[in-house]
Each structure stands twice: as structure tokens, then as C-alpha cells.
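Colleague: If you scroll down you'll find the structure; I have some questions about it.
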Amino acid sequence: MEAGAAYGAGKAGGAFDLQTFIRQPHTILRMVSWLFSIVVFGSIVNEGYLNHQDESEEFCIFNRNQDACGYGITMGVLAFLSCLLYLALDVYFPQISSVKDRKKVVLSDIGVSGLWAFLWFVSFCFLADQWRVSKPEDNPMNEGTDAARAAIAFSFFSIFTWSTLTFLAYRRLGEITFQEEYNTLFPNSPPLLP
């Protein structure tokens, strides 16, 4: 472990290193989660609505349930924005000098990632169930079926990426060193780590 590290980052004020940032497991997983959210909401927005020639309104491909399409789109867009927010926090994280502020960021990452893992589980179950009970006569040409299956599949994959992000944030919290707190309490003492 790096000397002087606190809550998964080096000493505050260090230079930003893009290669190191991109190689971190939580950064890679956050970018993958970001991509999965784009696939979910993009496939539903693009091909998730159908219309029959004898009807004037479009309907959702998931059992004509507008809530299913709305939930999938909302989940995708909010997860997309959440990934962007936490990627920005990951970039800014080494610049945070306060151990308490770093702890708050890591704790919020644990909570938000855990919440998203649960919400993606709900999304997968809801979309898969609505797809299961969809009537073949509603879509005789099988239009948009690949997009619906992609939304379901990437909702399922998102459960694992967000769960792993929760685990990594929890592990990041567990890798705490109290070097900075120790230095503030005992400023004239030698460092704890060589």
C-alpha cells in the first residue's frame, strides 16, 4: 500500500495521471456500467415502441406496458448520469485533502452503487416478466425483439457491474490508513509507514 494513502488515494494535491486512472478496476467497471446504461435506454428509445396500422398511438413492446418502457428508459438515463458523476468524483478524489471528505465520497459510492445494483435487479425482473407475457399477435413481424432482449440482457449484466462497484468501494473503505490523522494528532512523530 502506498505510504500516506487515505481511502484509496495518494496524498492530496498530486498530479493527475490518466493512465493510472483508466487502469483502476472501479474506473473500468464504471465505464462499462456507463456503456450498459446507454445500451438499455438506447435500445428501448430506438426500437421499444411499436404501432399497428389500425392504431394511431405507439405502444411499448413489453406487453403494451408503458411503465416497462418508461422504467427502462429512466433507469438507463439516471444510471448514465450517475456514472458520469462518479467518474468526475473519481478524477477529483486525489485532490480531496480531508480524510473526512474522502470517507464521505467512498461511503456515498457504496450506497449509490448498492442502490443501483438493486434497481437494475428490479429492472431486469420487470422487463423480463413483461417480455414473457407479451402476446405474439401484438408484434407479428417481430420488430424490435432484438432491442427488447438487449435491454433485458444489459439490465442483467448491470446487476453484476454495480454489485462489483459496491464491493470495490467497500474494499476501498477497508484499505484505510490513518497516516493523515496520525500526523495531525502527533505532528512531530515519525511516520507510521516506512
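The values are calculated or read from the model by the stated rules, or taken from the named source; none is laboratory data. All values derive from a computational prediction rather than experimental measurement. Here the Cβ positions follow ideal geometry from the backbone for every residue, glycine too, while neighbour counts run over all protein chains shown. These accessible areas exclude ligands, DNA and RNA; they are computed on the full protein's heavy atoms, side chains included. Shrake-Rupley method; radii C 1.70, N 1.55, O 1.52, S 1.80 Å.
Colleague: What shape does region 52-92 have by the C-alpha gyration tensor, where a ≥ b ≥ c are the square roots of the eigenvalues, rounded means a/c under 1.5, and otherwise prolate means a/b greater than b/c and oblate the rest?
Modeller: Details: a/c = 6.82, a/b = 4.12, b/c = 1.66.
Taking the square roots of the gyration eigenvalues as a ≥ b ≥ c, region 52-92 is prolate.
Colleague: Can you give me the % of accessible surface on region 24-85 that is carbon or sulfur? Probe 1.4 Å, all protein chains present, nothing else counted.
Modeller: On the way: 1890 of 3130 Å².
It is 60 percent, rounded to a whole number.
Colleague: So for the pair LEU107, GLU137, with labels modelled 7 Å out along Cα→Cβ, what separation do we get in nm?
Modeller: The two pseudo-label positions are separated by 5.7 nm.
Colleague: Keeping every protein chain present and rolling a 1.4 Å probe, give me the accessible area per residue for region 48-90 in Å². Present the calculation step by step, with values, prior to reporting the outcome.
Modeller: Numbers: 2200 Å² over 43 residues.
Normalised by residue count, the accessible surface of region 48-90 is 51 Å².
Colleague: Next up: May I ask you to derive the FRET efficiency for GLN53 and LEU81 from their Cβ-Cβ distance with R0 = 41 Å, giving the value to the nearest 0.05? Let's see the in-between values first.
Modeller: Values: r = 37 Å, r/R0 = 0.91.
After rounding to 0.05, the efficiency reads 0.65.
Colleague: Which is farthest toward the positive dipole end of region 38-129 among ALA117, VAL106, ILE61, measuring Cα position about the Cα centre, with Cβ charges +1 (Lys, Arg) and -1 (Asp, Glu)?
Modeller: Highest projection toward the positive end goes to VAL106.
Colleague: Between ASN65 and residues 5 or more places away or on another chain, which pairs have amide H atoms under 5 Å apart, with H built 1.01 Å from N, and which residues are they?
Modeller: Counting only residues 5 or more places away or on other chains, the set is CYS60.
Colleague: In nm, to one decimal, how far is the CYS125 label point from the ASP67 one, both placed 7 Å along Cα→Cβ?
Modeller: It works out to 1.4 nm between the two label points.
Colleague: How large is ³J(HN,Hα), in whole Hz, for each residue of region 136-148 in order, when computed from phi with the Karplus curve 6.51 cos²θ - 1.76 cosθ + 1.60 and θ = phi - 60°, using x for Gly and Pro?
Modeller: x, 6, 6, 9, x, 8, 6, 6, x, 5, 5, 5, 5
Colleague: Let me ask you something else. Report, in cubic angstrom per residue, the convex hull volume of the C-alpha atoms of region 20-118.
Modeller: On the way: hull volume 9.8 nm³, N = 99.
In region 20-118, the Cα hull volume divided by residue count equals 99 Å³.
Colleague: Same structure, new question: Checking the a/c ratio against 1.5 first, then a/b against b/c, what shape does the Cα gyration tensor give for region 84-168? Could the numbers behind the result be given before it?
Modeller: Numbers: a/c = 4.91, a/b = 3.15, b/c = 1.56.
Because a/c hits 1.5 or more and a/b exceeds b/c, region 84-168 counts as prolate.
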